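This report concerns only the one structure given below.
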Amino acid sequence: MTGNVPDKSLPLLKVQNLSKFYGKNMGCHDINFELAEGEVIGVVGESGSGKSTLLKCIAGKINTTNGSVFFNSLYGFVDLCQCDELLLRQLTRTQIGYVTQNSVDGLRMNISAGGNIGERLMANGMRNYSQIRKIALEWLEKVEIETNRIDDLPTTFSGGMQQRLQIAANLVTDPKIILMDEPTSGLDVSVQARLIDVLRKLVSRLRLSMILVTHDLAVARMLSHRLYVMKEGKIVESGLSDQILDDPREPYTQLLVSSVLKP
Amino acid sequence: MEAVLKIINISKDFVLHHQDGTRLQVLDHFSMEFFPGKITLLNGPSGAGKSTLLRMIYAGYRTCRGNIMVKHKDHFVDMVQASPATIYDIRLHTIGYVSQFLRVVPRVSALDTVIEPLIQRGVSESKAREKGRQILRRLRIPENLWHLSATTFSGGEQQRINLARGFIASYPIMLLDEPTASLDPDNRDTVLNLIKEAVRSGSCVIGVFHNQGDQEKIGGRAVDMTRKYFHPTEVEH
């Protein structure tokens, strides 16, 4: 393993023939796509379509049954499904962020907000306490959480604040890619708008790549360059966001798009 | 003069799977060339395919058959087959598109909405803001609204924000889908002037205008979209 510069001619992420079965049940099957640097991909589809399973496979949270997830890292074009545990841990701690649907799964509820942000920095070897605290304060500000809440437990935060804290805790190590699993579900609409706005700004300012799993098509349109539509574990249609939402071709996509109420 | 946009034999149909599989043929073997510094008006009743053609050029709608060759940074690129990255780049630098309605983003100020295309091109924040203020002033958006999100604006104000955003950066090709609908006479004239200035500076403008008076003021060649079939050789420049 040598510290290198990623190969710019390769995509940031390449998912190839990815499948995940839970026993006999299919989670997702034969998924193929590429993600470029600075690109945002939305994955849409109803509950149980395999969106979250796909994301967990990419995040290295669950073992895949088949296929590869190549990540263009500082250590080369690494297959996250095949690489050793140590490297996977190193990558998921630093270069890949993963924001879960329930903040309880993504945050440590028994340590302070600042501690949640600092933890990833310490896992990367940073030991200077005052510097860690300074960085944590900066990140709280970036995600619009009042800095005087730094020593409070996440349990005292609202749902929207918890999600924004998760985002800060993930972005603090300057990852190349962030994976988002239904970040806005279960939040009030006004709270959603703030989260989306924070996300939008960070993604464009940091030139982050993102895979956003959501069932909210308006959120998907606002944030994503391209969309993938999933049904029963498979991708049924893909294209630029406006192509999918304004000119859907597949019966399932047409159903999905026409079922949304426009306020 | 060399064309900046060559549409070659394109067809578009929509299959409505949940409405008895109805197939709507909107364009059938449409071919046409478009030139810099010229304006083309797409005419015909609703459903004739005017907006569909604009969206296909922008690659917001997919093209079933044919080619849409766009001159992008001195090379011709087929929008029908271009990679996503190329399309993002074309939308950033070569083709501008002003839709009928503004897609408002909550919590983003009107000024920030307007200057976004410049920011994405790498123009400095201060320069972009200065240009943004100029065009907002020109389109008569009161200064006390600039820092507010356009979500609460009236229909006419939103459309002017949309136009300001569309005209703040210059593009070799501009697609305008009913830009003057819902505007009062003064603003209508301002927008017509913006369009004429764009044409004079060399942009190729393709637009839909329902208002007869606007059409006459703009001039240019008119295309009757109800004809459906166009042979490449019969279209005059």
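The values are calculated or read from the model by the stated rules, or taken from the named source; none is laboratory data. Quick caveat: nothing in here was measured; it's all calculated off a predicted structure. FYI the Cβ positions are ideal-geometry reconstructions off the backbone, even for glycines, and counts take in every protein chain you see. Note: accessible area is taken over every heavy atom of the protein model, side chains too, but ligands, DNA and RNA are not part of it. Shrake-Rupley method; radii C 1.70, N 1.55, O 1.52, S 1.80 Å.
Here the strands (runs of 3 or more DSSP E) wholly within the stretch B:1-44 that include at least 2 residues being within 12 Å of chain A (Cβ to nearest Cβ) are B:5-16, B:22-34. Would a scan of the stretch A:67-75 turn up a residue that is assigned to a loop (DSSP other than H, G, I, E, B), touching a Pro at 6+ places or on another chain (Cβ under 7 Å) and either assigned by TED's automatic domain parsing to the domain that holds A:L208 or aromatic (F, W, Y) (or both)? Scanning the stretch A:67-75, I find at least one residue that is assigned to a loop (DSSP other than H, G, I, E, B), touching a Pro at 6+ places or on another chain (Cβ under 7 Å) and either assigned by TED's automatic domain parsing to the domain that holds A:L208 or aromatic (F, W, Y) (or both), so the answer is yes.
Within the stretch A:143-164, is even one residue open to solvent by 50 Å² or more (accessible area, probe 1.4 Å) and under 25 Å from A:F70 (Cα atoms)? Scanning the stretch A:143-164, I find no residue that is open to solvent by 50 Å² or more (accessible area, probe 1.4 Å) and under 25 Å from A:F70 (Cα atoms), so the answer is no. Please work out if B:D214 is assigned to a helix (DSSP H, G or I) and open to solvent by less than 10 Å² (accessible area, probe 1.4 Å). Criteria met by B:D214.
Within the stretch B:43-65, the set of residues being under 16 Å from the mean Cα position of the chain (by Cα), farther than 19 Å from A:E39 by Cβ and either open to solvent by 10 Å² or more (accessible area, probe 1.4 Å) or at pLDDT below 95 (or both) comprises B:N43, B:G49, B:K50, B:S51, B:T52, B:R55, B:Y61. From the list A:R200, A:R249, the one residue that fits, being within 14 Å of chain B (Cβ to nearest Cβ), charged (D, E, K, R) and open to solvent by 70 Å² or more (accessible area, probe 1.4 Å), is A:R249. On inspection, A:V189 fails the criterion of being of a type outside the set (G, A, S), crowded, with 20+ Cβ neighbours inside 10 Å and more than 21 Å from B:T86 (Cβ to Cβ). Comparison of A:Q166, A:Q162 shows that the only residue that is touching a helix residue (DSSP H, G or I) at 6+ places or on another chain (Cβ under 8 Å), away from every other protein chain (no Cβ under 14 Å), within 30 Å of A:I244 (Cα to Cα) and in a helix (DSSP H, G or I) is A:Q166. Screening the stretch A:204-213 for residues that are within 17 Å of A:L240 (Cβ to Cβ) and more than 13 Å from every other protein chain (Cβ to nearest Cβ) and picking the one that is surrounded by the fewest Cβ atoms within 10 Å (Cβ to Cβ) gives A:M210. Just one of the listed residues (A:S52, A:S47) is touching a His at 6+ places or on another chain (Cβ under 8 Å) and either of a type in the set (F, W, Y) or away from chain B (no Cβ under 14 Å) (or both), and it is A:S47.
For the stretch B:191-201, the count of residues that are open to solvent by less than 20 Å² (accessible area, probe 1.4 Å), in contact with a strand residue (DSSP E or B) (Cβ under 8 Å, 6 or more places away or on another chain) and in a loop (DSSP other than H, G, I, E, B) is zero. Restricting attention to the stretch A:63-86, the residues that are β-branched (V, I, T) and closer than 27 Å to A:R207 by Cα add up to 2.
Taken over the stretch B:118-156, the residue count meeting the criterion of being among the charged types (D, E, K, R), crowded, with 16+ Cβ neighbours inside 10 Å and not in a helix (DSSP H, G or I) is 0. Looking across the stretch B:66-83 at every residue that is surrounded by fewer than 17 Cβ atoms within 10 Å (Cβ to Cβ) and within 14 Å of chain A (Cβ to nearest Cβ), the one that is farthest from A:A36 (Cα to Cα) is identified as B:Q81. What are the residues in the stretch A:103-115 that are out of contact with any Pro (no Cβ under 9 Å at 6 or more places or on another chain) and in contact (Cβ under 8 Å) with a residue 60 or more places away in the chain, if any? Hit for the stretch A:103-115 is A:G106, nothing else. Total residues in the stretch A:71-123 satisfying the condition of being surrounded by fewer than 21 Cβ atoms within 10 Å (Cβ to Cβ), more than 21 Å from A:L13 (Cβ to Cβ) and polar (S, T, N, Q): the figure is 3. Among the residues of the stretch A:15-32, those identified as assigned to a strand (DSSP E or B) and open to solvent by 10 Å² or more (accessible area, probe 1.4 Å) are A:Q16, A:N17, A:K20, A:F21, A:Y22, A:N25, A:M26, A:H29, A:D30, A:N32. Based on this model, can you work out whether A:L255 counts as closer than 28 Å to A:E37 by Cα, within 11 Å of chain B (Cβ to nearest Cβ) and either of a type in the set (F, W, Y) or open to solvent by 10 Å² or more (accessible area, probe 1.4 Å) (or both)? Here the answer is no, as A:L255 does not meet what is asked.
Over 18 Å from B:I195 (Cα atoms), touching a helix residue (DSSP H, G or I) at 6+ places or on another chain (Cβ under 7 Å) and open to solvent by 60 Å² or more (accessible area, probe 1.4 Å) - does that describe any residue in the stretch B:98-117? Yes: one or more hits.
Would you check if A:S52 is open to solvent by 10 Å² or more (accessible area, probe 1.4 Å), in a strand (DSSP E or B) and touching a residue at least 40 places away in the same chain (Cβ under 8 Å)?
So A:S52 does not fit the description; no.
Could you tell me whether any residue of the stretch A:72-83 is over 22 Å from A:L223 (Cβ atoms) and aromatic (F, W, Y)? Among the residues of the stretch A:72-83, at least one is over 22 Å from A:L223 (Cβ atoms) and aromatic (F, W, Y), which makes the answer yes. Considering the stretch A:215-246, the residues that are among the charged types (D, E, K, R) and assigned to a helix (DSSP H, G or I) include one that is farthest from the other protein chains (Cβ to nearest Cβ), namely A:R221.
Residues in the stretch B:47-60 that are assigned to a loop (DSSP other than H, G, I, E, B) and of a type in the set (A, V, I, L, M): how many?
Summing the residues that are assigned to a loop (DSSP other than H, G, I, E, B) and of a type in the set (A, V, I, L, M) in the stretch B:47-60 gives 2.
Among the residues of this structure, A:K134 does not count as one that is among the basic types (K, R), open to solvent by 40 Å² or more (accessible area, probe 1.4 Å), outside any loop (DSSP other than H, G, I, E, B) and closer than 30 Å to A:G76 by Cα.
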